[in-house]
1. In percent, how large is the relative contact order of region 85-196, given Cα pairs closer than 8 Å and 6 or more residues apart?
2. Multiplying the sequence separation of VAL432 and GLU127 by 0.36 nm and subtracting their Cα-Cα distance, what value in nm do you get?
3. Want the number for THR12 to ALA555: 0.36 nm per residue separation, take away the alpha-carbon distance, what's left?
4. Over the Cα atoms of region 275-330, what is the Rg over Rh ratio if Rh follows Kirkwood?
5. Out of every Cα pair in the chain, what percent are spaced more than 39 Å from each other?
6. Starting from the 7 Å offset along Cα-to-Cβ, what nm value, one decimal, do you get for the label separation of ALA252 and GLN356?
7. Radius of gyration and Dmax for region 112-242's Cα atoms, expressed in Å?
8. Looking at region 168-263, I'd like the Rg to Rh ratio, where Rg is from alpha-carbon atoms and Rh is Kirkwood's inverse mean 1/r.
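None of the figures in this text is laboratory data; all of them are computed from the coordinates on show. The model shown is predicted, which means the values in this text are computed figures rather than measured ones. Methodologically, a virtual Cβ is constructed for each residue, glycine included, from the backbone with ideal geometry; neighbour enumeration extends over all protein chains shown.
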Amino acid sequence: MGRSPVSIGIQTRLIAGIGLVASMLVLALGWYWTAAEERELSRALVQREQRMADLVARSFAAPIWNLDSAAIENLLDAVMADPEVHAIEMVSPGLNVAPVRRERSRPAVQPLRREFPVFYQSSPDAEPTLVANAVLVSTQALVQAQVAHMRNFVAGLLAATLAAVIATSYVLVNRLVTRPVKRLGALAQRVARGELGARTEVAHSDEIGALTQQFNSMSERLLTSSQGLRQSEQRFRSLFENATEGIFQADAKGRILSLNRALAKMLGYASPREALVAGRRMRTLVQVEGAEYKRIAHALARYRLLQQVPLLIANREGRALWVELSAHVVPAADAGGGLLIEGMVSDISLRRLAEQELTHHRDHLEDLVTERTLELSQAKQRAESASRAKTRFLANMSHEFRTPLNAILGFTQLLQMDASLTAAQQSKIGQVRDSGEHLLSLITDVLDTASIEAGKVRLQPSSVDLRALLDMVCDSVRLRIEQKQLLFNIDLGTQLPVRVLVDGQRLRQVLLNLLSNALKYTDVGAVALAVRLLSVEAGMARLSFEVSDSGIGIAAHQLPRLFQPFEQVVDDARCLGGTGLGLSISQQLMREMGSEIHVHSELGAGSRFSFVLSLHTVA
């Protein structure tokens, strides 16, 4: 068995750490202080040794020169009286005097040896004479004693400081760290035991106090989350038990773990418990064809998801049910791992029956639609045949009408050229000719309408002198305008192209129709024709045509019917001579040319008809 690790409390570790840091700090300061003091004492010793050497050199020069042994002995005793002097020696190289030496019996401690000459000078002006060579040896015993004393002092100070730091740290750590941490530990144990929402006292406003507040907040949040989880679990349980759809959970081997009341009743059991007692295998609780069961199992194992799969099953009582299965594979929530199958089953028997009935009705409706389509197709064919017959009839009748009518108009023109006829006869022949020409125009309108309805109107563009065409149109109506004593205002732009590519006959027909209508419904004022060039680009000229009058105008509610065939929107006796086809034909011709006639009119204030054509210019 392995040895368990030694448990050292946080208080012990904090005190040990603080004591170690304090000891190292005091030790470093003591070492620095001791080293500095030792250096200072050594430097002072060197200075005293230098002063002693200078004093010896001055004091011993005369006694040695005079060979005064008593004085020399006295001076030596005086020098040796200094406890820091360990030994002194005098050697006279030029005098027959034996060397003089004094030395202490104890060995010197870290001795300092200094050698220096001793000179004698009889007068200030005389040359100094070497009388001896001195050797002075000093000991550092006193310095070392002082350093040892200081070290003992520092050691005592270190011990006192360490004791004070440890005691203070123990008190502070116990009060500021250990107790609050123990309270936090006790709080954590209470929360771990399930006492959610528990709190503890915040003793100090420091980091541990902030941590304590966070622990208290965490405990409250855990309580709130736990309450929310319990409520959510209760809601889920309520939804699970009271759902109208069947819900189940099974393991990866197909064993039912749980199911709700709706699924139990769907399978013919009074309660989920009764269903689970009857058996936990799916094949036991529900009767499904083997091939269908394998197909669903393979699909679920492969795709891990099934959505709205229709399935025919039989419940405990043997009653066949159409159900809709939706299931998916999820990982198990427990530590053991594994997979779970969660699914929902809906009873769609009524919907299936409704779909079958709907399919039957749809098939019946398709038969009816096919029958009605055939009838409509036959009716369309009959209508098209009747329309073609009408068109042929109109074309033939128009031709038959035109042949004798042209003969009548020709004879009237010949009779009008006969100068022997009286004025009354000429007037009657003129009325015959006018009536014939009016009848011919009506026949032409009917024929054009039939051609437009049959889709057989074909434009024949050609190079047309635009001004010549406009002059011809103006000349055609100028006499009738003058007869009604109206003004005829013609505004042809100066920049109009000379020749354009257009069906001149159809354009003249439209302009004549608009001018004739303006003349017909205007009694006082003027009729105007304005043609302007809007733009020219890449050989294409945009031309604006406008016919206006000061006549009776058209009511706003009548405008939508204006371009419909056989419609005359003005209730006036002068409308009796027309068929109501002119504007309809003109609008259809404009649409064939890629344009459209626009009208602006006010009742009693006249009307304005306009359209814009884009025509190729011809050089």
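1. 23 percent
2. This chain segment gains 91.7 nm when fully extended.
3. Extra length available between THR12 and ALA555 comes to 184.6 nm.
4. Values: Rg = 11.9 Å, Rh = 12.2 Å.
On the Cα set of region 275-330, Rg over Rh gives 0.98.
5. Beyond 39 Å sits 73 percent of the P(r) for the chain.
6. With each label placed 7 Å out from Cα toward Cβ, I get 4.0 nm.
7. 40.3, 135
8. Ratio of gyration radius to Kirkwood radius: 1.33.
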